[in-house]
1. Just checking: which of the helices (runs of 4 or more DSSP H) contained wholly in the range B:228-340 hold 2 or more residues that are farther than 18 Å from residue B:352 by Cα?
2. In the range B:341-356, what residues are assigned to a helix (DSSP H, G or I) and either facing chain A (nearest Cβ under 9 Å) or over 19 Å from residue B:390 (Cα atoms) (or both)?
3. Which condition does residue B:383 not pass, out of (1) within 11 Å of another protein chain (Cβ to nearest Cβ); (2) surrounded by fewer than 18 Cβ atoms within 10 Å (Cβ to Cβ); (3) touching a helix residue (DSSP H, G or I) at 6+ places or on another chain (Cβ under 9 Å), if it passes all the others?
4. Need the failing condition index for residue B:150 against (1) modelled with pLDDT of 90 or more; (2) within 14 Å of chain A (Cβ to nearest Cβ), just the number.
5. All but one of (1) crowded, with 21+ Cβ neighbours inside 10 Å; (2) modelled with pLDDT under 90 hold for residue A:68, so report the exception by its number.
6. Identify all residues within the range A:104-130 that are in a helix (DSSP H, G or I) and either over 27 Å from the mean Cα position of the chain (by Cα) or over 24 Å from residue A:53 (Cβ atoms) (or both); write none if there are none.
7. Are there any pairs with C-beta distances below 8 angstrom linking a residue in the range B:39-63 that is more than 14 Å from chain A (Cβ to nearest Cβ) and free of Cβ contacts under 8 Å to residues at least 60 places away in the same chain to a residue that is buried (at least 23 other Cβ atoms within 10 Å of the Cβ) and part of a loop (DSSP other than H, G, I, E, B), with the two at least 6 apart or on different chains, and if so which?
8. Report, by residue number, each residue of the range A:18-37 that is surrounded by fewer than 16 Cβ atoms within 10 Å (Cβ to Cβ) and modelled with pLDDT under 95.
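The values are calculated or read from the model by the stated rules, or taken from the named source; none is laboratory data. Just so we're clear, the structure is a prediction, and the values are computed from it rather than from any experiment. Cβ coordinates were reconstructed from backbone atoms using ideal geometry, including for glycine residues, and neighbour counts include every protein chain displayed.
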């Protein structure tokens, strides 16, 4: 099917070079049966000494690739030398055949590049449950890709792992540490089957910062909660969700090996900003999305409670259809807060749409203006903020509206 | 807006007379501002000696009417003399004004009918958060309705409390106990904002069985779990959900006062069948519904676990859009099972669409037929069954598909 481009689509940004990273993309033919010629596999190679960190879907039906990455992160000690990802087939729910595909691919990566398999990472995205007829389908393609390795074309790599994405999504930044320029380049794919509470879809961030695996892993887990785990398109959770950071250490800075290193603050800020920008881009390319909405919950008894309430609002189909229609139906916000079953004070409940307060003290504002509320909902981007009057804690999540295009895309995805 | 009638719409059934119940309906004008003339209030009056039982939404933003019913059920000792419900305004999130409306209505009911306020029940359904300008708007209408009380016109009563419903929904049955004919008549409204885990929307069952309040209450709570709490249209939970049973005792049977009474079995079966039929009708009139789908989960470690998995499947927008498109996208069933985070055995997972097995032992069937699977999804009614291979327990829920009409209805609801 032809996908209409998201209204939030932006040209792919200029991402910085990251020392110690090489890449190649190619067309293996996953989309050939649909009559489409496009790149559908990428190979990244990392210089020796590269550390990594990863967070993965907590789905009970995680893909074979996710299971491998989790295992490699343990056995390889958090070092990385190569990454292969394909689109067009998710390798989830493929049983023994899925594991055979991984073994063949890892063997090819290890043999071609001369590295340990425990330093090789995998990902696959696309239709669930269709085993590859040839387990070596990807593996046999690795030597051809390896021969083409060179400085990354970030946009080409991103396009190789897109599925229902309507634009290529990347974000990066650079900073100075001890006189060394340290670079971050991040790429992400994902548009549907997006829900918080895990790393979402496939996102990779490459940096030439020097940072020990355990410090990087801890940092990534913290940042994920406020970025990738705080977005939702449809409340559905992928079997393949993966977020990884690869740090080559080739910027020249001396390595960070402790959480107490004062230089970690600027690294954390850079990583946070790249993660947040990539996460927002996923929502902005949410299937059928026409609106980008920030949901902020204040006055909750804890961060966890605030987050549950925010997700109920962000995932409610009644609220998402109202957003699509530009109907400032704040009664449905009340409904979603109620169904969260979290502690709230109904008589202190207050609601704002951007700066327009529509409810306070558990009832509509005396001077409520439908016009003012509707004007906020008519915008492509706005904030829904509620104070549930029960405590001091807050949380923010980001979501999009539910439009006819979501139904069209998901009725036709496999055809 | 004009609503397209559900393809499952059926003529209103012939419900039996229930001794000891009188009813009147009328048009108060809740819909007049939309240029529609229709009945929008009903009054039921019950003979002295009527017991009742009720289950209500567990929403933290429950309507003022729900809060009153819960209070009355305690203070009135489970006896009932009157019920007033209106459509067009839900009286939820209306603050002190909502409570004033209830007090005025209860005073009118008590005064006009000469009964205790603690024996009077209330309900309201419609837009959330719009307080009535005149707290006595409904109360002032009660004398006019009381003057018209007579044998119930069940269909007219049902039509008076419909909102986005596209057909009037009722179910009833009769049985013989000790030579006495005992009758059950049930009516329900509800189409969107339907999710399990509480009594859904407004449903009332009237019977002339004689049964003590505490026995009836316990029975109703048990039955709710397998009927009204096992349906979902959109995963959203109303602020007004109410299910009540009124038992006038006028059939002539001697009262049931204990759970050990052997006659309770046939009463329970009758009540269960009426609840289940009403619950199914709500799904069949789900907003925009074109398909009615049974989701059965076997092989779970407990009933609760099976139910969580079934609800993940039934509420997934990706699965519901695939149902709408007739796309037998079973990979999304795998996704939903995984995101439930319940204990499963991925390598033993099996999936059936009606009698067509599409997956076993955690992978697609070797002889998988897309044609056979799609033929099941093309039907207006079918069953999705999964065995998660972890235990011996099962649960069943019922749902509908997610269509363009759902988005149209909910983008235009308030206009």
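1. Because the criterion is at least 2 residues that are farther than 18 Å from residue B:352 by Cα, the helices (runs of 4 or more DSSP H) in the range B:228-340 that meet it are B:264-284, B:303-315, B:317-325.
2. B:346, B:347
3. Unmet condition: (1).
4. Going through (1) modelled with pLDDT of 90 or more; (2) within 14 Å of chain A (Cβ to nearest Cβ) one by one, residue B:150 breaks only (2).
5. (2)
6. Matches in the range A:104-130: A:104, A:107, A:108, A:110, A:111, A:112, A:113.
7. B:48/B:81
8. Once the filter is applied, which keeps residues that are surrounded by fewer than 16 Cβ atoms within 10 Å (Cβ to Cβ) and modelled with pLDDT under 95, the range A:18-37 yields A:29, A:32, A:33, A:34, A:35, A:36, A:37.
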